[in-house]
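Asker: There's a structure below that I have some questions on.
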């Protein structure tokens, strides 16, 4: 692409364009959309700024891709990372078209304005101030697919490419307060298969719903044990959590329930392992199922996200705390940060907008977040990428 024919827009125009591009991701095929239009638009803009851009299709998907844009060469440097997809929305409940950026009352309304297309518009503008010759270490932009559904983009990126960057900022909405730890998440399911029969004679079948009562009791015992074994005072909810989300079983009141399914999530603290937790639950539930005479089938609905923590003494954490004037925090929601850590980078979650606006009707990015975020990004690039004065 020629820099001469590609005009790089300002923050508002960039965000207007990004919001107009439907990049909803969903586990439901009827809502799921490609993110390629967003990826290709970002690639064109960053290419025009002198970045080397590489678009990486996500294996096993159709119309999904990641972007790696790099300015400068060498090892180390800083990654600014985010996801290009949004959650589904209900346009009829919005005060304005969710795909048309609308300014009112000091806010920019639009689907993804806060979570998290606004971060890309700001990172693009911050990057305009730099040329490759200004940098001793590279500045890298990562844009991923499907964070809101499967995190397949970040998961693939961790295996698709090798980045030699040292530090990474995930620009999720944190109201520009640094976040250095968050809980993980796993979404699991238990299916019990018994034997249906006429309800007038319980000996004619094996009631899977009765057995599920005992399984839930054991899972509640697991939950209680975990809360006693693990606490972290940095979190508002200081223990791991387990939520029973939905249950389905049987087909009629006068028929012995032949099968029953439970779906639940578990949010682990830093230092805990999703794989170990899954193994413990399976080990404890199998005897319960055997005593009840049912078959137990374990289901993993989502590959999961590991808990995340970066040490308080990290140069990135210390720099972010100094620049923002805020002590780093812990949050309950999960991000792509663990995947960047897996790639060998010290990682922080820090971005404009409030998580309270994410996934909401009339999502917005407050205008008063723009200048502080641009200043912060400039200072981080200066600190971790720029050449020091002679």
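The values are calculated or read from the model by the stated rules, or taken from the named source; none is laboratory data. Since the structure is predicted, the reported quantities are computational estimates derived from the model, not experimental observations. Because the Cβ atoms are built from the backbone with ideal geometry, glycine has one as well, and the counts that use them run over all protein chains shown.
Asker: It is to be established whether one or more residues within the stretch 181-192 are closer than 28 Å to residue 299 by Cβ and part of a helix (DSSP H, G or I).
Answerer: There is no residue in the stretch 181-192 that is closer than 28 Å to residue 299 by Cβ and part of a helix (DSSP H, G or I).
Asker: Out of all the residues in the stretch 29-60, which are assigned to a loop (DSSP other than H, G, I, E, B) and without any contact (Cβ under 8 Å) to a residue 60 or more places away in the chain?
Answerer: 29, 30, 31, 33, 34
Asker: Is there any pair linking a residue in the stretch 198-222 that is not assigned by TED's automatic domain parsing to the domain that holds residue 276 to one that is surrounded by 15 or more Cβ atoms within 10 Å (Cβ to Cβ) and at pLDDT below 95, with Cβ under 9 Å and at least six apart or on different chains, and which?
Answerer: If the second residue must be surrounded by 15 or more Cβ atoms within 10 Å (Cβ to Cβ) and at pLDDT below 95, no pairs are left.
Asker: Could you tell me whether residue 292 is surrounded by 11 or more Cβ atoms within 10 Å (Cβ to Cβ) and closer than 14 Å to residue 190 by Cβ? Give the steps one after another, and end with the answer.
Answerer: Values: surrounded by 11 or more Cβ atoms within 10 Å (Cβ to Cβ): yes; closer than 14 Å to residue 190 by Cβ: yes.
Criteria met by residue 292.
Asker: Looking only at residues in the stretch 335-390 that are at pLDDT below 95 and at positive phi, which one is farthest from the chain's Cα centre (by Cα)?
Answerer: The extreme case among them is 344.
Asker: Quick one: which strands (runs of 3 or more DSSP E) sit completely within the stretch 288-388 and have at least 2 residues that are touching a helix residue (DSSP H, G or I) at 6+ places or on another chain (Cβ under 9 Å) and under 21 Å from residue 80 (Cβ atoms)?
Answerer: Ranges flagged: 346-349, 364-366.
Asker: Since residue 276 meets every condition but one in (1) part of a helix (DSSP H, G or I); (2) in contact with a strand residue (DSSP E or B) (Cβ under 6 Å, 6 or more places away or on another chain), which condition does it not meet?
Answerer: Answer for residue 276: the failing condition is (2).
Asker: More than 20 Å from residue 384 (Cβ to Cβ) and either free of Cβ contacts under 8 Å to residues at least 40 places away in the same chain or surrounded by fewer than 16 Cβ atoms within 10 Å (Cβ to Cβ) (or both), is that true of residue 360?
Answerer: When the stated conditions are applied, residue 360 passes them.
Asker: Just to check your reading of the model, which residue among 352, 338, 315 is in contact (Cβ under 8 Å) with a residue 60 or more places away in the chain, farther than 19 Å from residue 238 by Cα, assigned by TED's automatic domain parsing to the domain that holds residue 93 and exposed (fewer than 14 other Cβ atoms within 10 Å of the Cβ)?
Answerer: On the way: 352 fails: exposed (fewer than 14 other Cβ atoms within 10 Å of the Cβ); 338 fails: exposed (fewer than 14 other Cβ atoms within 10 Å of the Cβ).
That would be 315, the only listed residue that is in contact (Cβ under 8 Å) with a residue 60 or more places away in the chain, farther than 19 Å from residue 238 by Cα, assigned by TED's automatic domain parsing to the domain that holds residue 93 and exposed (fewer than 14 other Cβ atoms within 10 Å of the Cβ).
Asker: Still on this structure, I have one more. Name the residues in the stretch 230-264 that are under 27 Å from the mean Cα position of the chain (by Cα) and not in a loop (DSSP other than H, G, I, E, B), would you?
Answerer: 241, 242, 243, 244, 245, 246, 247, 261, 262, 263, 264
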